[in-house]
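*Asks:* Dropping the structure in here first, questions after.
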Amino acid sequence: MLDDVCRQLYSRTAKGNWVSLLELREVVRSFYTDEGDAEAVLDFLGKYFLEVDERERKARLSPWLCGLLEIPLS
């Protein structure tokens, strides 16, 4: 399911766009209904795969991750 979360985030953050942290939470929760699982995934993404702007309360996938995975938008 993590790859599905990344695809959803990629489709929303293509071309360097940012999403609000609230929208990020909604995306993760759409795949992980258990609150503990959703929080664990958010923590994991935040540590390794996201650029997070806490001041502006927004995030996006790291460009290196998008390039590494070559995620298709299908």
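The values are calculated or read from the model by the stated rules, or taken from the named source; none is laboratory data. Because the structure is a prediction, the values reported are computed rather than measured. Reconstructed Cβ throughout: ideal geometry from the backbone, glycine too, with neighbour counts over all protein chains shown.
*Asks:* Would you check which residues across the stretch 34-50 are under 19 Å from L68 (Cβ atoms) and under 9 Å from the mean Cα position of the chain (by Cα) and list them?
*Replies:* Across the stretch 34-50, the qualifying residues are L45, G46, F49, L50.
Residue by residue, here is whether (1) surrounded by 15 or more Cβ atoms within 10 Å (Cβ to Cβ); (2) more than 9 Å from the chain's Cα centre (by Cα); (3) modelled with pLDDT under 90 holds:
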residue	(1), (2), (3)
M1	no, yes, yes
K15	no, yes, yes
V19	yes, no, no
L22	no, yes, no
Y32	yes, yes, no
E54	no, yes, no
A59	yes, no, no
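*Asks:* Sticking with this one: Residue check: is A59 assigned to a helix (DSSP H, G or I) and of a type in the set (G, A, S)?
*Replies:* It is false that A59 is assigned to a helix (DSSP H, G or I) and of a type in the set (G, A, S).
*Asks:* Scan (1) of a type in the set (A, V, I, L, M, F, W, C); (2) part of a helix (DSSP H, G or I); (3) modelled with pLDDT under 95 for the single condition V28 breaks and write down its number.
*Replies:* With (1) of a type in the set (A, V, I, L, M, F, W, C); (2) part of a helix (DSSP H, G or I); (3) modelled with pLDDT under 95 applied to V28, the lone miss is (3).
*Asks:* Right, next: Can you confirm whether L22 is within 23 Å of G67 (Cβ to Cβ) and in a helix (DSSP H, G or I)?
*Replies:* Spelling it out, it is not the case that L22 is within 23 Å of G67 (Cβ to Cβ) and in a helix (DSSP H, G or I).
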